[in-house]
Each structure stands twice: as structure tokens, then as C-alpha cells.
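Chemist: One structure is given below, represented as C-alpha cells, and several questions about it will come after.
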Amino acid sequence: MIAVLETSGWADVAVGVAAIHALRDDWASQDRLRELALAGEPVVIREAALLAVALAPGHLPVLRQGATAAQREVRAASVTGLRADPLARPLAAHLLASDPACGVRAAAAALLAGDSRYTPALRRAFEAPLPSPGVDPEAPRLEGALVRALVREPTVMEQVKGRLPALASDVRDFVLEDVWARPEQRPYVRSLLAHEVALVRASAARALRRDPEAAGVLLDLTRDPSPLVRAAAVSVLGLDAAAERVRAARLADASEHTSVRVAIVETLRAGEEDMVRALLSDASPTLRGVAASALRDDAASVAARRALLDDAEPFVRARAVSSLARQEALFDSLMPCLGDPDPHVRRAAIEVLRRYPPATPLLRQYIDAPSPVGPAAVQALRDDPGSLPMLRARLRPAQRVERRRRLRDLARDSSSVAGVRALLDDPDGLVRADAASALGDVGDEAIARRLDDPDPWWRAVAARAVAGKADAREALLWRFGDGDSAVRAAAAEALSGDEGAEPRIRELLDDASAAVRAAAITALTRDAGSVERIAAILDEPSDMDGDPAQLAAARAIAGRPELAGRLRAVVERGDYAAEVTRVALESLAPAAAPAEALLGMLDDVQELDALRIPAARLLWAEGQHRGAIIARMDDHSPALRAAVLELLGDDASAVDLVRARLRDSDARVRAAAAAALRRRAPTDRGVALVDVVDEMRLATGGRLHDAPIPSQSEPCLDGDPRKDAVLAWLCARLASDERGGAIAASAEVARAEVPWGDRDAYLVRLPFDQEEAPVAAGVVPMHNLIETLAVARRLTAERPPSIWLVCADVAFSDLAPPELDPGAAAWGPTYFGARIGRSR
């Protein structure tokens, strides 16, 4: 069989994430992990890569750079990975105060916890109102991080007590355990056992598990009306005889809430094994499964747990498999569980058999299985040297286009076509489809025979594969009567452009299936005799949200001036599927567009970008409502902001608005702003920074020397003959590689700034966005700023200058860095700057 490993990848993105975590210590994967941490897609891949490289000192620049990413998940992962980086704390304080995402601020709060210098910043964040979880689901996480960071602050503690019922359970438990650790606060914790909120009573019970004075009260709580509280109480009871009797009675009481009995089983104590063994045959699958897990070290119950491998409930089977992890003599009997119909049972079997060498070849077959099986297989094979090449291949996404091209080439070669045919039975549906397409392109008989296959999936694939083959027309026309709508649709698509088949295709315009009607419309797009019938489909009632026939009809009549009225009506009605409306919008001429409907779309922040953007373009071209469009420069949608910037073009009256968008948080908007500014004023040529510092003997061959900083604790630059050299070195450090060695060849300074002289701001321009800079120029802006700031903060001046790295391909005259206080920093995403402190 032909190997498709090198052109396959993440059949499930969870497999890619699992591969990243599995290979975090694999030396051969470090470069690829770095690439993914810098620019991995989708977001979950980059997030996983950042967390994977967090413990490697060499990847510190990548983590620092991730804090400027547009995606909140990436910023949060980067900050989490920087916990051991003391130089990153000013950055974390900035994010805590200004980042719009609660998850990022939570990571920043955790990083700053325990550092008294940032207690005021943490208190300000704690005392400020938080968004509701409906606005930002990470708001409870931020509150929890702030509470954990400030729990030992006396004034804050009083505020925390008032918020106990609203805190997440894990945060509430943390707070109460910390409070109980202070003897003077124990009466307060005991008083919470009578709190009106059951969740608070449960947390208080867990906090008092080490309190000998609370034993009697905890026994009383086992009769609490809330099962949450009873479950907490029975799990923390002492080891005395009274506690044993209560636990035994509750476990034996079939009328007791399942959560209470589960809590007892999960805190199994010596002497309770017989009672728990009895639960292996309980009527409740939850109790059977939990009991199996609790008895994993119990030799007397091995046979009973093995019998549960045939239980009717997947939860029980999965728990039974996991409970036998230490019974190596039974591993052969667990092998069939790899074929269990439930994925969670298969995952449990993989996790147990990872230490059983005879199972390794089988485990490799599951690497690309959907979650949770595939990720479990990846983790299971992480320590198997023979599986490492397969795991490394999963660090790259699927390249289906390349796979299709390669299979077509192989299908044309008589020596390899048999291998492509073998892929028609591959377990991966996409591989089967691509193999069928490749064989169809060369007219292979293996595909033609599938037109009569009993499986409709194969009939549909075969129909598409023989599209355009003259000798297949009759067979395809025969499939117009197929009982499966997917086959009829595939046959219609395959006959698109065949004039001889058009009369029969028109009959499908009345097919009961919308998908078949859509395929027929697409096939008849060039048939002038069908235009009116196709246009009429837009007026027919549809009970489908996103009717494919209406979408195909809109596409078919788009660009026909005589039918513009039909498309205008689609926009005015406003009740068509979004994709149908988008097609109508993009095909209308500005003069034919209904302005009132377009303004309504533009003002509706809940509307899709796919509609608001073409509405804005039509209104702009019409010329009467440009003010309403410019007002959308502050819209919440980055895509719409970027579209507005593209419309502004070289409009001189809006240049300040465009310059301001160079500092937008989204890379698409920054790119659009830079493009608009270049249309007005092309990028000018500055002086290569590397040449300047070479002439000043601060570098040799483009490699930066050590900082020319005096050794005194707070050197003042005023009157110091090395002032120019120091400022030039700081600029060069901002624009050098992550080790501060090689200066970026593309970094330039304005001609007016050479020689340096006495200026308020020194700008170094890098003609790339900050997200492109690490790859395009070898510069990691956020990392360089942190390293440069560590030096700049040791300097002072009576009139302190600022030093800037500007990541934007625009003219120097369009650069406008923000105001900075002495000793402060600007953290991007376009202007990365530090200002020297003021002399005392």
C-alpha cells in the first residue's frame, strides 16, 4: 500500500495538540515546536506549542513575543509560560491593566502573585468591576486569580468574604483553606457551616477536614438537606467509630443521593473494601464504574472487575479497563477492548496497554483516530522510539492538495496505480475520496465499476470521478433516477456543461431534494433557456435555513443586469440566508443597491462581516454615506475596520485616523492601515541601522558589541561623552536578533536622526508587522523590548529621550509614537518603546 503519512497530518486537531505535548522533550522536534509557537494555526495549536516550549530557556523570546498576539488564547498561554521570567513582570502588569481579555489578565495576575511591588496593581484590578461571564466567560477565572494573589492581604480578605457565594468552587475552597490555616480565623470558617448557600457549606466542610474541633459538626452535616453538603461531609469525616458507622450507613442506603455514595467510594478507607465490592453489581452504572476505579489495588476483586469488561454501559467498561492497569497478566485479555464500539473505552485500553510492547503495533493504528482515541494513542507512544517518526509527522497539518496531486501522479504510472487502488479501502474517508478522484482523472476502471456499487457513498464518488468522460454520459444519466439524493446531485454535477444532457438536467430543477436542485442549477448556469426558471427559485418558499438551491440560483443569475431587480429584492427583504444575501450584495451595481437596507446591515453589530463589508463597499461607491462608513473605524470587527481602511485609500482628510490604526490590536487592520498610508506616501528610504552602529564602532560586521554603559548604579547621560553611543546601542538592541547579536539588515533610521544629537525620540523602523518580524527579519520585538528595557531603566537624563522599534512598512513621516512617561515602556503591537528615567 502507498504510504500517505508524509502528506497527512491532523485528522483531528486534538491529535496535533497531543503530538505537541508528547514531543515537548524531543530534541529533533524543537525547531518545529518553535515554528508552531511563533505562528501555528489554528489558535489551539499555537497555544499548545507555547505551553510545550515554556520550560526551555532557549524559547523565552518566543513566549515573550506571543504576549502581543491578536488571539487571546495565545496571549494567555504566553503569559502563563513566562512565570519564571522576572523581566516579564512589567509586561504582565501592563496586560493586567489594559488587556481586554479576562483570560489574559488572569494569567498576568498569576504571574505577579507574590511580588509585593505589584500588589497595588493587583488590588486595583480586584476592586475594578469585572464583566459578567456572559460577556467574557473567563471573568470567573480572573476573579479567582486575583483572589489567590491577594488572599493574604487583610483589607482584601474582608472583601473576599463577601464574595464567597459567587466564587468558583475551587477558588472558594482555596480561600477557605488559607483562612483556616490562621487560628484566629477558624471560628469564622466554622460559622460558614450554617451558611444559607449549600456551595459555601460544602467548601467550609472541606476546609475543616483537619480541624479536630469540627468533628461533631461534620457528623451533623451528613444529614444536611443538600447532597452537595452531605457528599463533602462524608468525604472528610474522621477515622473514629462514629464516622465509620455513618459512612457505612450512607453507602448501604440505596435511597441516598448517588453523589453522596460516590464521594464515599472515591475516599475509600481500609476496612470498607467489602462494601465497595458489593457495588460492582449495583444497579447504578455510575456506582459500578466508580467502585471499579476505587478497587484498582484490590486483588480480591480482580475477577469481578474483569467481568465488567462486558458491561452494557460504556462508562463501566472504561472504568473497568482502567482499574486493571496493574494486572499485567491480564493485558492479553484487554487487547479486544481496543476494538470496543465506544471511543472512551478504546481510550482507556490504549492508556493501559501503553506499557505492553505487544500492543504497540496496534496502538500506532489509532494515531489519527478522532478524539479522544487519537490523542490517547499519541501520548501512549511518546516513549516508543520506533513511533517517534510518526509522531513528528503529526506536527504538520494535513496537506490535502499535495496529497491529491501526488495520488494523481501515481495513478498515471502503471507501476504504482495498484497502490492507489488499494487506498480505496483506506479507513480514512478523505484518503478514499482522494484516491477515487485520482483514479477517476485517469479513467481507471476501478472507479467506473463503482457507479453500480451498493453503497451510495461510492456511487456518488464514482460519479464525480468520471465527470467529463463522454463514454460515461449514459451511466450518469441513469443515476438521475438513483434513490439516493447525493448520487443524483453528483451525477448532475458531473454532467455540467454537457449540452446534450441539459434537457434531462432541467428535469432535476423540480427534484424533491434541495441539494439535487442546487446541483442542477450549477450545471445549467450557462444555459440561457433555464435562466428564468432558475431566477424563479429565489421566489419559492423554503423551509431550510441556508437553502442550497437558493444559493445556487443567486450565484447563477449574478452578473446578469436584466435580473438585478431580483437580487435587489433579496437584499431588501433581509430574510434570506446570509450566503444568499452576500452573493446578491457582491453582484449589485452601486446605483442599484438599496441604501436604507445597506445602512441597516452596517449599523447592526450582530450582523455577519460577510454582509457588512460588501454593504460598506456599495455605500462607499455610491458616495452619499461615507461618514457612516468612516465611523466604523472603531467597530468591534477587525475585518470591517480593515475593509474601511481599504476604502479610504489615499484620502488625505483621513490620514490621522489611518495612522492611529497602525496601533490596532489586529494584524489585518494594521496591514490595511499601512497599505493605505503607502498609497498616499510611499515608504521612504532611511539609513541602515547596521551601517550607523558599525561606523560608531558599536558593532563589527553587523554584530552588536556589549552595551557601553558605565558601571555606576544610576548613570546619567547628561554631559556623558558616550551618550550618542548609548542611545545608538539601545536602538540597535531593539532591532537585533533575540540574542542581541546580529542587527536586522532591514532596520532603518530616518536620515534626520543621523548623527544622533539631542532628540526626544529615536525611531528605528522595521518594514514588517510585529507578527512577521521573527521570521522575516529574525527580530522578536517583545523580547527585544524587555531586554532593552532592563538596560534603559538603569539610565537617567534631565530631558530623557525615548527609543523606539516601529514595526510598520510606512514612511517615517507617518510614524507617530505615543507619549511615554520617564521610565515607562510601550508594549506594541506596532510601537515598542522605552523611555529613559528622569535625573533626580
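Chemist: Can you find even one residue in segment 656-663 that is open to solvent by 30 Å² or more (accessible area, probe 1.4 Å) and within 27 Å of the chain's Cα centre (by Cα)?
Modeler: Of segment 656-663, the ones open to solvent by 30 Å² or more (accessible area, probe 1.4 Å) are 656-657, 659-661, 663.
Restricting the remaining residues to those that are within 27 Å of the chain's Cα centre (by Cα) gives 661, 663.
Yes.
Chemist: Still on this structure: Residue check: is E596 open to solvent by 70 Å² or more (accessible area, probe 1.4 Å), within 15 Å of P614 (Cα to Cα) and in a helix (DSSP H, G or I)?
Modeler: Spelling it out, E596 is indeed open to solvent by 70 Å² or more (accessible area, probe 1.4 Å), within 15 Å of P614 (Cα to Cα) and in a helix (DSSP H, G or I).
Chemist: So, of the residues in segment 39-70 that are under 24 Å from A93 (Cβ atoms) and surrounded by fewer than 18 Cβ atoms within 10 Å (Cβ to Cβ), which turns out to be nearest to the chain's Cα centre (by Cα)?
Modeler: Among residues in segment 39-70 that are under 24 Å from A93 (Cβ atoms) and surrounded by fewer than 18 Cβ atoms within 10 Å (Cβ to Cβ), the one nearest to the chain's Cα centre (by Cα) is A70.
Chemist: Answer with yes or no whether G66 is free of Cβ contacts under 8 Å to residues at least 12 places away in the same chain, of a type outside the set (D, E, K, R) and more than 21 Å from L146 (Cβ to Cβ).
Modeler: When the stated conditions are applied, G66 does not pass them.
Chemist: Please enumerate the residues belonging to segment 341-368 that are open to solvent by less than 20 Å² (accessible area, probe 1.4 Å) and either among the acidic types (D, E) or touching a residue at least 60 places away in the same chain (Cβ under 8 Å) (or both).
Modeler: The answer is I367, and nothing else.
Chemist: With respect to L96, determine if the residue is in contact with a strand residue (DSSP E or B) (Cβ under 7 Å, 6 or more places away or on another chain) and crowded, with 23+ Cβ neighbours inside 10 Å.
Modeler: no
Chemist: Can you report the number of residues in segment 829-840 which are at pLDDT 90 or above and assigned to a loop (DSSP other than H, G, I, E, B)?
Modeler: Within segment 829-840, residues that are at pLDDT 90 or above and assigned to a loop (DSSP other than H, G, I, E, B) number 3.
Chemist: Now, a different point. Which one of V810, V764, V806 is part of a loop (DSSP other than H, G, I, E, B) and either touching a Gly at 6+ places or on another chain (Cβ under 7 Å) or modelled with pLDDT of 90 or more (or both)? Talk me through it step by step, then tell me what you get.
Modeler: Numbers: V764 fails: part of a loop (DSSP other than H, G, I, E, B); V806 fails: part of a loop (DSSP other than H, G, I, E, B).
V810 is the lone residue from the list that is part of a loop (DSSP other than H, G, I, E, B) and either touching a Gly at 6+ places or on another chain (Cβ under 7 Å) or modelled with pLDDT of 90 or more (or both).
Chemist: Given the conditions (1) assigned to a loop (DSSP other than H, G, I, E, B); (2) farther than 17 Å from A674 by Cβ, which single one is not true for L785?
Modeler: Result: L785 fails condition (1) only.
Chemist: Is it the case, given these coordinates, that V531 is touching a Leu at 6+ places or on another chain (Cβ under 7 Å), open to solvent by less than 60 Å² (accessible area, probe 1.4 Å) and not aromatic (F, W, Y)?
Modeler: Details: touching a Leu at 6+ places or on another chain (Cβ under 7 Å): no; open to solvent by less than 60 Å² (accessible area, probe 1.4 Å): yes; not aromatic (F, W, Y): yes.
No.
Residue-wise test of (1) under 30 Å from L599 (Cβ atoms); (2) at pLDDT below 90; (3) part of a helix (DSSP H, G or I); (4) of a type in the set (A, V, I, L, M, F, W, C).
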{"residue": "R504", "(1), (2), (3), (4)": "no, no, yes, no"}
{"residue": "G529", "(1), (2), (3), (4)": "no, yes, yes, no"}
{"residue": "G546", "(1), (2), (3), (4)": "yes, yes, no, no"}
{"residue": "A554", "(1), (2), (3), (4)": "yes, no, yes, yes"}
{"residue": "Y576", "(1), (2), (3), (4)": "yes, yes, no, no"}
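Chemist: Another question about this same structure. Of everything in segment 198-214, what is surrounded by 15 or more Cβ atoms within 10 Å (Cβ to Cβ) and either at pLDDT below 90 or among the aliphatic types (A, V, I, L, M) (or both)? Give them in sequence order.
Modeler: A198, L199, V200, A202, A204, A205, A207, L208, R209, D211, A214
Chemist: Name the residue, out of V62, V74, V44, that is in a helix (DSSP H, G or I), more than 15 Å from V17 (Cβ to Cβ) and at pLDDT 85 or above.
Modeler: Sole residue among the options that is in a helix (DSSP H, G or I), more than 15 Å from V17 (Cβ to Cβ) and at pLDDT 85 or above: V62.
Chemist: Still on this structure: Can you pull out the residues in segment 606-637 that are part of a helix (DSSP H, G or I), open to solvent by 30 Å² or more (accessible area, probe 1.4 Å) and of a type outside the set (G, A, S)?
Modeler: D609, R617, E622, R626, I630, R632, D634
Chemist: With open to solvent by 10 Å² or more (accessible area, probe 1.4 Å), in a helix (DSSP H, G or I), touching a residue at least 12 places away in the same chain (Cβ under 8 Å) and aliphatic (A, V, I, L, M) as the only criterion, which of L407, L477 stands out?
Modeler: Just a single option satisfies the conditions, and that option is L477.
Chemist: Checking the structure you have, find out if any residue of segment 146-158 is buried (at least 20 other Cβ atoms within 10 Å of the Cβ), in contact with a helix residue (DSSP H, G or I) (Cβ under 9 Å, 6 or more places away or on another chain) and within 23 Å of V229 (Cβ to Cβ).
Modeler: Yes, segment 146-158 has at least one match.
Chemist: Right, here's the next one. Residue by residue through segment 168-188, note down the ones that are more than 13 Å from R201 (Cα to Cα) and not acidic (D, E).
Modeler: Once the filter is applied, which keeps residues that are more than 13 Å from R201 (Cα to Cα) and not acidic (D, E), segment 168-188 yields A168, V171, F174, V175, V179, W180, A181, R182, P183, Q185, R186, P187.
Chemist: With the requirement that a residue be farther than 23 Å from A512 by Cβ, assigned to a helix (DSSP H, G or I) and open to solvent by less than 80 Å² (accessible area, probe 1.4 Å), what does segment 463-474 give you?
Modeler: Initially, segment 463-474 is screened for residues farther than 23 Å from A512 by Cβ, giving 465-474.
This time we only want the ones that are assigned to a helix (DSSP H, G or I), so: 465, 470-474.
Within segment 463-474, A465, A472 qualify.
The values are calculated or read from the model by the stated rules, or taken from the named source; none is laboratory data. Values in this document were obtained by computation on a predicted structure and should not be read as measured data. A quick note on method: Cβ atoms are made from the backbone with ideal geometry, for glycine too, and the neighbour counts reach across all protein chains shown. The accessibility values were calculated without ligands, DNA or RNA, using every heavy atom of the protein model including side chains. Shrake-Rupley method; radii C 1.70, N 1.55, O 1.52, S 1.80 Å.
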